[in-house]
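Working notes for the structure below.
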Amino acid sequence: MPEQADDCVLADYPLHDLIACHECDLLMRRADLVEEQKACCPRCGYELVVHRSNMVRRALALVLTALLLYVPANFLPIMELNLLGQTTQDTVWTGVVGLYQTGMGSVAVLVFLCSMLIPLVKLLCQLVVLLCIRYRKGREIGMQIYRLYHHLREWGMLEVYLMGILVSIVKLIDLADLHLGVGLACFIALLLSQVWLEVTMSSHQVWDELDSEGGAHASH
Ligand SMILES: [Zn+2]
C-alpha cells in the first residue's frame, strides 16, 4: 500500500514519485512494486497501480489472438435462421449491410463503427504500442497512439452488440428454426480476449515503459 505523507514532506518529492487516486484524488507517494503486486488507495480502496509480470509478451499474445478472431467473428455466421422454408445466415457484416439496405443508414454506420471499425482500430493501436515497447522504438508515436486508444475506449461497444445478439436469439427461438453459428463462438472469444487484454495491459506500466524508453523519467 502506498505511503501517505503529510503535505510538507509530500512537496519535497519529485512529481514523478507522486500519484493521485483516480477516484478520490488523494495524493500520495508512488509505491515501488515488484511483479504481480498492486497498490490500492488507502482511502477508497481503488486499484492505483498493478505490476504484471511479462506484461508485453502476454499482451502481445492476446492482441494477436484477438486480431485472428476478428475476421471469423465478423464474417462467419452468427446464426442460421430457417423461417417458412427460407434459410438465412447472418453475420455481423450482413447485419450492417441489411440495416443500410432497409433505409436505416445512420444506424448501420453506428453499428459498423462501434462493433467493427473501432474495435479493430483499438486492437491495432494496442499492437503498435506493444511493438514500440518491445523493440524500444518510436516512443513518441507510441505515446500518441496510446492516447488515441484511450479516446477510443468508450466507443468500442462489442458487449452491447453481443447483448443485442442474445436478445434477438431469445426472441427468435420460438418463431423460427434457429442454429447458432461458429461466428458467435468467435465473437464471444474475441470479447473475452479483449477483456483479458485490458486487464493484462496495465496502463501505468505501459505509460512508464513508453516514458522511460528515452532514458531518465521526465519530471514535468
Ligand atoms: Zn482513493
### Message
Which pairs turn up if I take residues in segment 1-17 that are part of a loop (DSSP other than H, G, I, E, B) and look for partners that are loosely packed, with under 14 Cβ neighbours inside 10 Å and at pLDDT below 75 with beta carbon separation below 9 Å, at least 6 apart in sequence or on another chain?
### Response
P14/H217; P14/S219
### Query
Any idea which residue in segment 107-160 is nearest to P72 (Cα to Cα), counting only those that are among the polar types (S, T, N, Q) and modelled with pLDDT of 90 or more?
Q126
### Query
Under 9 Å by Cβ, and 6 or more places apart or on different chains, what pairs join a residue from segment 21-40 that is farther than 20 Å from T200 by Cα with one that is among the β-branched types (V, I, T) and within 14 Å of the ligand (Cβ to nearest atom)?
L27/I19; M28/I19; R29/I19; R30/I19; R30/V49
### Message
Please go through segment 55-105 and give me each residue that is among the polar types (S, T, N, Q), in a helix (DSSP H, G or I) and closer than 22 Å to E159 by Cα, ordered by number.
### Response
T65, N74, T94
### Task
Please state which of the following conditions A20 fails to meet, knowing it meets all the rest: (1) surrounded by 16 or more Cβ atoms within 10 Å (Cβ to Cβ); (2) within 14 Å of the ligand (Cβ to nearest atom).
(1)
### Enumeration of residues in segment 131-168 that are under 18 Å from L190 (Cβ atoms) and part of a helix (DSSP H, G or I)
Y149, L152, L158, E159, V160, Y161, L162, M163, G164, I165, L166
### Message
Looking for something among the acidic types (D, E), closer than 24 Å to V199 by Cα and assigned to a strand (DSSP E or B) - is there at least one such residue anywhere in segment 43-51?
### Response
yes
### Task
Being among the basic types (K, R) and within 16 Å of the ligand (Cβ to nearest atom) is the filter; apply it to segment 38-90 and report the residue that is modelled with the highest pLDDT.
R43
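Matching residues to (1) over 20 Å from V63 (Cβ atoms); (2) exposed (fewer than 13 other Cβ atoms within 10 Å of the Cβ); (3) assigned by TED's automatic domain parsing to the domain that holds L62:
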site	(1), (2), (3)
M79	yes, no, yes
L83	yes, yes, yes
Q89	yes, no, yes
Y100	yes, no, yes
G105	yes, yes, yes
F112	yes, no, yes
K122	no, no, yes
L127	no, no, yes
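Just to be sure I understand, how many residues within segment 28-37 are of a type in the set (A, V, I, L, M, F, W, C), more than 10 Å from the ligand (Cβ to nearest atom) and touching a strand residue (DSSP E or B) at 6+ places or on another chain (Cβ under 9 Å)?
2
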### Query
When both residues are 6+ apart or on different chains and their Cβ atoms are under 8 Å apart, which pairs have a first residue that lies in segment 159-172 and is free of Cβ contacts under 8 Å to residues at least 40 places away in the same chain and exposed (fewer than 14 other Cβ atoms within 10 Å of the Cβ), and a second that is in a helix (DSSP H, G or I) and among the aliphatic types (A, V, I, L, M)?
E159/L191
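The values are calculated or read from the model by the stated rules, or taken from the named source; none is laboratory data. Everything numeric here is computed off the predicted structure, so don't read it as measured data. Glycine also receives a Cβ, built like all others from the backbone with ideal geometry; neighbour counts cover every protein chain displayed.
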